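S.K.: My structure is below; once you've seen it, I'll send some questions.
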Amino acid sequence: MDDIKRFKVEFVQNCCFRMDESLRMIQIALQRVSEAQVWQKPNSSLNSIGNLVLHLCGNMTQYGIASLEESEDRRERDKEFTTSGGYTKQQLLALLEETVNTVKDTFNSTTIERFLKQKQVQGFQFSGIGNCIHVVEHFSYHTGQIAFWVKQLHNAQLGFYDGHDLTMLNDE
């Protein structure tokens, strides 16, 4: 396998690992909240967990599927923030899991040429690599918001890394 193909495989594997990690954290966080708390907003300037999950699905679909596949972009961004119910925790998780799995499949099937091609998304110019980085960092950003809100609601740690010694130093 040549270096470019190895780079693509390594890049995609790391993007998928990070997405799986954010998904795992949201799954843990959602176990700690009630159905009502999923749609509770910390204040009028912030979004509920439900809104954040819908927003993540919309954003990942736009950047990580439609743009990379060069298919129709049907995102309705405003609805991600104005929805105030209608989904259970389980339905939100299923939607998020399905979206993440589709994005990972899309990353894996994206050609090297598409990873390098510039395309406009939400008014910004990104290569396919830029799209992938956006999807991963955006997912991580909102995962942190969800975790913070759940910790605020319950004054408790979520145990994302229970069983791991996070004080270990890097290999030399």
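S.K.: I'd like to check something: does the stretch 71-94 contain any residue that is at pLDDT below 95, within 22 Å of residue 25 (Cβ to Cβ) and not β-branched (Val, Ile, Thr)?
M.R.: no
S.K.: Something else: What's the number of the only condition in (1) surrounded by 14 or more Cβ atoms within 10 Å (Cβ to Cβ); (2) over 16 Å from the mean Cα position of the chain (by Cα); (3) among the charged types (D, E, K, R) that residue 78 fails to meet?
M.R.: (1) is the only condition that residue 78 fails.
S.K.: Another question, then. Which one of the conditions (1) in contact (Cβ under 8 Å) with a residue 40 or more places away in the chain; (2) over 17 Å from residue 127 (Cβ atoms); (3) within 13 Å of the chain's Cα centre (by Cα) does residue 58 fail to meet, given that it meets all the rest?
M.R.: Of the numbered conditions (1) in contact (Cβ under 8 Å) with a residue 40 or more places away in the chain; (2) over 17 Å from residue 127 (Cβ atoms); (3) within 13 Å of the chain's Cα centre (by Cα), the odd one out for residue 58 is (1).
S.K.: Do we find that residue 151 is part of a helix (DSSP H, G or I) and either charged (D, E, K, R) or at pLDDT below 95 (or both) in this structure?
M.R.: When the stated conditions are applied, residue 151 passes them.
S.K.: In addition: Could you list, in sequence order, the residues of the stretch 89-111 that are of a type in the set (A, V, I, L, M, F, W, C) and surrounded by 14 or more Cβ atoms within 10 Å (Cβ to Cβ)?
M.R.: Once the filter is applied, which keeps residues that are of a type in the set (A, V, I, L, M, F, W, C) and surrounded by 14 or more Cβ atoms within 10 Å (Cβ to Cβ), the stretch 89-111 yields 92, 93, 95, 96, 100, 103, 107.
S.K.: Select from the stretch 67-84 the residues that are among the polar types (S, T, N, Q), in a loop (DSSP other than H, G, I, E, B) and under 27 Å from residue 120 (Cβ atoms) and list them in ascending order.
M.R.: The answer is 71, 83.
S.K.: Against the condition out of contact with any Phe, Trp or Tyr (no Cβ under 7 Å at 6 or more places or on another chain), of a type in the set (Gly, Ala, Ser), surrounded by fewer than 17 Cβ atoms within 10 Å (Cβ to Cβ) and under 18 Å from residue 20 (Cα atoms), how does residue 71 come out, does it pass?
M.R.: no
S.K.: With a cut-off of at least 2 residues that are at pLDDT 95 or above, closer than 22 Å to residue 90 by Cα and touching a Phe, Trp or Tyr at 6+ places or on another chain (Cβ under 6 Å), name the helices (runs of 4 or more DSSP H) lying wholly within the stretch 1-66.
M.R.: Counting at least 2 such residues, we get 3-31, 49-61.
S.K.: Could I ask something else about it? If you check 113, 137, which single one turns out to be under 25 Å from residue 21 (Cα atoms) and without any contact (Cβ under 8 Å) to a residue 24 or more places away in the chain?
M.R.: 137
S.K.: Inspect all residues belonging to the stretch 107-124 and state whether any of them is assigned to a strand (DSSP E or B), modelled with pLDDT of 95 or more, within 19 Å of residue 7 (Cβ to Cβ) and not basic (Lys, Arg).
M.R.: yes
The values are calculated or read from the model by the stated rules, or taken from the named source; none is laboratory data. Since the structure is predicted, the reported quantities are computational estimates derived from the model, not experimental observations. Every residue, glycine among them, receives a Cβ derived from its backbone with ideal geometry; neighbour counts consider all protein chains shown.
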